[in-house]
1. Cβ contacts < 7 Å: first residue in contact (Cβ under 8 Å) with a residue 12 or more places away in the chain and buried (at least 20 other Cβ atoms within 10 Å of the Cβ), restricted to segment B:300-314; second residue outside any helix (DSSP H, G or I) and not hydroxyl-bearing (Ser, Thr, Tyr), any location; separation 6+ or different chain. Result?
2. Report, by residue number, each residue of segment C:205-225 that is surrounded by 22 or more Cβ atoms within 10 Å (Cβ to Cβ) and of a type outside the set (A, V, I, L, M).
3. Enumerate the pairs (first residue in segment C:275-289 and closer than 17 Å to B:Lys114 by Cβ; second residue anywhere and of a type in the set (S, T, N, Q) and buried (at least 22 other Cβ atoms within 10 Å of the Cβ)) with beta-carbon separation below 6 Å, excluding pairs fewer than 6 apart on the same chain, so at least 6 apart or on different chains.
4. So which of B:Ala188, B:Ala222 is modelled with pLDDT of 90 or more and more than 14 Å from chain A (Cβ to nearest Cβ)?
5. What residue, of A:Ala283, A:Ala228, A:Ala238, is crowded, with 18+ Cβ neighbours inside 10 Å and at pLDDT 85 or above?
6. Are there any helices (runs of 4 or more DSSP H) wholly within segment C:121-235 with 2 or more residues that are away from chain B (no Cβ under 14 Å), and if so which?
7. Which residue is surrounded by the fewest Cβ atoms within 10 Å (Cβ to Cβ), if the candidates are limited to segment A:116-136 and must be at pLDDT below 90 and among the hydrophobic types (A, V, I, L, M, F, W, C)?
Amino acid sequence: MTTPSLVLELKQVCKHFPGVKALQNVDLRLFAGEVHALLGENGAGKSTLIKVMTGALAKSSGDIYFNGQQCHFASPAAAQRAGISTVYQEVNLLPNLSVAQNLFLGHEPRRFGLIQHQKMQQQAQQLLLRFKLSIDVSAPLAQYSVAVQQLIAIARGVAMSAKVLVLDEPTASLDSGEVQMLFDVMRQLREQGVAIVFITHFLEQVYQISDRISVLRNGSKVGEYLTADLPRSQLIEAMLGKELQQLTEQHSATNTAKQAEPLLVLQQISVKGSLNDISLTVAKGQAVGLAGLLGSGRTEVCRAVYGVDVLSGGEIQFGGKTLTLQQPADAIKAGIALCPEERKTEGIIGPLSIRENIMLALQARRGWWRYLPVKQQQQLAAFYIDKLQIATPDADKPIEQLSGGNQQKVILARWLAINPQLLILDEPTRGIDIGAHAEIVLLIKSLCQQGMSLLVTSSELEELVAFAGKVVVLRDRQKVAELSGDNMTAQHIMQAIAEG
Amino acid sequence: MMSLRYLPLWITAALLCLLFGIGGWQFDGFASLAVVSNLFSDNAFLLIVALGMTLVIISGGIDLSVGAVIALSGVAVSLLISQYQWHPLAAFALILPAAALFGALMGMLIHVYKLQPFIVTLAGMFLARGLATTLSEESIAIDHSFYDAIAEFGFMLPGGGWVGASTMIFIVVLVLVIMLMHYSRFGACVYAIGGNSQSAQLMGVPVASTTIAIYALSSVLAALAGIVFTFYTFSGYALAGVGMELDAIAAVVIGGTLLTGGSGFVIGTVLGVLLMGVIQTYIIFDGSLSSWWTKIVIGLLLFGFIVLQKLLSRRTAITLAAGRAGHG
Amino acid sequence: MKPTQPCADSLQQARLARYSPGSTKASARYLWPLAALMLLLAVNLLLDAGFFQLSFQDGRLYGSLIDILNRSAPVALLAIGMSLVIATGGIDLSVGAVMAIAGSICANLLLQADLPLPLVIAAGLATGIAAGLINGTLVSYLKIQPIVATLLLMVAGRGVAQLINQGQIVTFLRPDFAWLGSGSWLGLPVPVWLVIVMFGLSQLLLRRTALGLFIEAVGCNATASRYLGINDKAIKLFVYAFAGFCAALAGMISAADIQGSDANNAGLWLELDAILAVVIGGAALSGGRFSLLLSVIGVLIIQSLSTTIIVSGLPAKFNLLIKAVVVLLVLLLQSDKFRRQLSSWWPKLRKWRKGGQP
């Protein structure tokens, strides 16, 4: 093969948000007929880079060259017209429109200015056949599963006759058969000379499909490698960096093999459409990790134990008693607390102050008529700002102005103030900058050592191993393994996730 | 599953037929072409406004200013004709683009400054009504040969029905709006914005120009309805069309369009207006029922349709969840 | 003070917060509405030297200021209820219709001469609460959009009021009830007292307990509030019931004022005035922080504006037009983007002015 031609080049691209440098001097080269994997941990800047590249965000500085010419995309539509199509992480289609309309929105076949619905549906049918999808294209998109919607989104990108196709975590919600189907299509497109940017968390898939790898960390580019030349261990080192590795290497042996009585017992709990027959036990003072890929059911277990989703089968026992949970308030009453994964939409109450965000759970438990005096609120806030080292000039600042790490600390403070028996942490370090990351890891460790029972999910396995006395592995909404003691290593967890 | 989308439409149509049938069975002369053609000509202005409102609501917005725009265009037209001796057609040619500008400004405020449609069009309602009262507080009569000609324009249907200019204008508007909404790219964009404007933006929909065009169109249709209203009353009055926006919104909802946006059919709105008209006709024919029953019945109908839509969307959600479960 | 300062976007706010103590931020919210009210009153004083004059006759005060207060009373009551509804991110279009229903219930009960006054008042208030509970149930338990849910009662409610009145304007002769609308106590009209009492009690209920904070929390982020143990549905139910209660009280004042119940016109379009007042008071329709005081100031601004128009000798027909312009200005000032544009225009404008001067 001759040297591939350069399609898109980013030079020294920077993107600043208020208080955050999301991208610093990032270079990226995309070649025609190559699958280029873009890798990095959560918050490394992958999504920001994609958005800058496709016109969804304006860059702060730097240059973009497309087919050798310097260019500037004012909007996703402009990038799309030039031939850069993007399939975002969350399916960004319109569930209210039909499949065919979604595929051809803005490019509908017309005659005399009128849309030819029949022709459009025929073309849609043909297009989807390339993906081995044979569905009713006149039905609303909302009727189809997320996986099918994802494939339709990709098909839309392809239908735009793209020169560059960006796939932002397209496989997160697909099963292995569908992933292979997607890869077939990607190979087909590669043959046709399309440059594909492929973002994923699954390293297997990177080695299976990609030709070239770029790694980002903390908004900077670590390097560009040919996939064939890069051993997996070096890739992981490039992604994780040194700091986190050292931190997580201090394996905590403190909470192994404690023979305490069980606090939380899940007996074959099921939730319609999200969990099947899951059993697990958390002992008093024990930290239990939940591992699994996105969509494996780890967040769903947290939601079920917290009363967000109502059980369709099975039983939750807590402190020896059976719990019937209709809403989170029931769980809180029993002594369970949750730091949710979606911190912004489910955790913080943005415009309210740090003080109010800390005292609200305590207040909710006291009831609305027994208002906590402002002086006590201030003391409470001051105590936790000091104890958890929350970086803020004063307690009356709206919480939305804090960084992710400090927001997470405020939510932790909120629960520490009511001293729950069981604290559920769903992805506690997601989207948090490295400095605060280490602090929160240490904080959780110290909670563990103080004897609080924890149920922690994390996609960072090393981190999980560092906290937990036991790790439960989920796959496809079912429990597939329970690891503890010497078996509990990142490698073993990975194996369990992969093999089931 | 497919037919579920059309269910509210079918129910409205069935209710319409049912009520019409009951009326015809109970009263002489109810089930006649005369009543049907009156239904159209008496409600022509409401039908036209409601078509514009359908557009706005499908895009996920709302337009409270339409009643006031009807009054403003009526007053302006009759002022130009009676006081300044303009030819009616010249007056229309000035008023309709002016209304488009008015609507475009509201759309711009909504899109550019991210203000809520509800409050922007509320301000628009005050502005239009205020302008109308400023122009004239009294009703202005129109006496022009063109208007006499308009009143005579039309043809008889067998059985005593009369298809006049208003009905014809409505039918032309209806055809245009159906083409626009169901057969043009603009229509697809309106549905897309109503579904999720962020996704629509990412998929390359020109959200800004579409939003502005939607409100401009709604105002133009409202102004046209105001003109049609002057055909009906031979005058312009600043307090005409008070509360008309509510009737239009009610008709759109009864016609099966979701107030959350993104889903609905133009023809449903027509059925909605007709259903409301038939209820009114029935109450008039009955004679013993008081006029307030119209409001109460329409309120109950609205409630029924909203609950129905809730149930339908919940069912879709459940099927989707089941689909996911089956998939995993 | 530079107009760019209080209207900073979140970035500037963050910067400001670092340099200034927290207390000034809260008071900045009161600055604009209060300044607007003062400006209006000052304009009135310029137009009419006797504007601030009060006279004391027959045990009550008379004067333009008292007039403004008295006329504001029904909308002020509505605005107190509406503030809470809007704080939860909702809206209540039905309050005008609820006023009409409460008025018609009271008027018809008053025709039965032997019914004691407290019973009539209780019946009126209970009607309002019942109407509010219907709205609240639709919004929080059936999860219907607030605008739609309350539209139902807005459309049907007036019909219900007409049904109760059998299409007539029902008049009554009960001085004790009429006192609620036209009487006076300690020099002030009774409606003004009712607003003061309602305001005080609401303030106590909302700020001396955690209820106000819970309402704000639900309005800012209903999911997060539920996750930390607040019963968001009950909170929403409460605010609509509260708004219904306030509307019923306002409806009774209106009925008492004219000694009759007019189902067609009682409270007509007052819901829009109430919503406007809350928005002018600086509340966001998307929910969040509320201030009853600011909402009441918003009502006074709207009422003073109408008075200013009358005092200035402009025909009353300009009333709506001026109101529309004021509303648009307030809306624009609340928009982040407009403020940013304004703050980028401001230096240019100053430069231009300086350049213009020799």
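The values are calculated or read from the model by the stated rules, or taken from the named source; none is laboratory data. Computed from a predicted structure; not experimentally measured. Cβ placement follows ideal geometry from the backbone for every residue including glycine, while neighbour counts extend to all protein chains displayed.
1. Short answer, once both residue conditions are applied: B:Ile306/C:Ile144; B:Gln309/B:Leu258.
2. Passing the criteria: C:Gly212, C:Phe214, C:Glu216, C:Gly219, C:Cys220, C:Asn221, C:Ser225.
3. C:Gly287/C:Thr88
4. Values: B:Ala188 fails: more than 14 Å from chain A (Cβ to nearest Cβ).
The conditions single out B:Ala222.
5. On the way: A:Ala228 fails: crowded, with 18+ Cβ neighbours inside 10 Å; A:Ala238 fails: at pLDDT 85 or above.
When all the criteria are applied, what remains is A:Ala283.
6. Numbers: elements: C:146-165, C:175-182, C:190-207, C:211-220, C:222-227.
Correct list: C:175-182, C:190-207, C:211-220, C:222-227.
7. Going through the qualifying residues, I end up with A:Leu129.
Residue by residue, here is whether (1) assigned by TED's automatic domain parsing to the domain that holds A:Gly285; (2) over 25 Å from A:Arg217 (Cα atoms); (3) crowded, with 19+ Cβ neighbours inside 10 Å holds:
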{"site": "A:Cys339", "(1), (2), (3)": "yes, yes, yes"}
{"site": "A:Glu346", "(1), (2), (3)": "yes, yes, yes"}
{"site": "A:Ala364", "(1), (2), (3)": "yes, yes, yes"}
{"site": "A:Phe383", "(1), (2), (3)": "yes, yes, no"}
{"site": "A:Asp386", "(1), (2), (3)": "yes, yes, no"}
{"site": "A:Ala391", "(1), (2), (3)": "yes, no, no"}
{"site": "A:Ala413", "(1), (2), (3)": "yes, yes, yes"}
{"site": "A:Leu423", "(1), (2), (3)": "yes, yes, yes"}
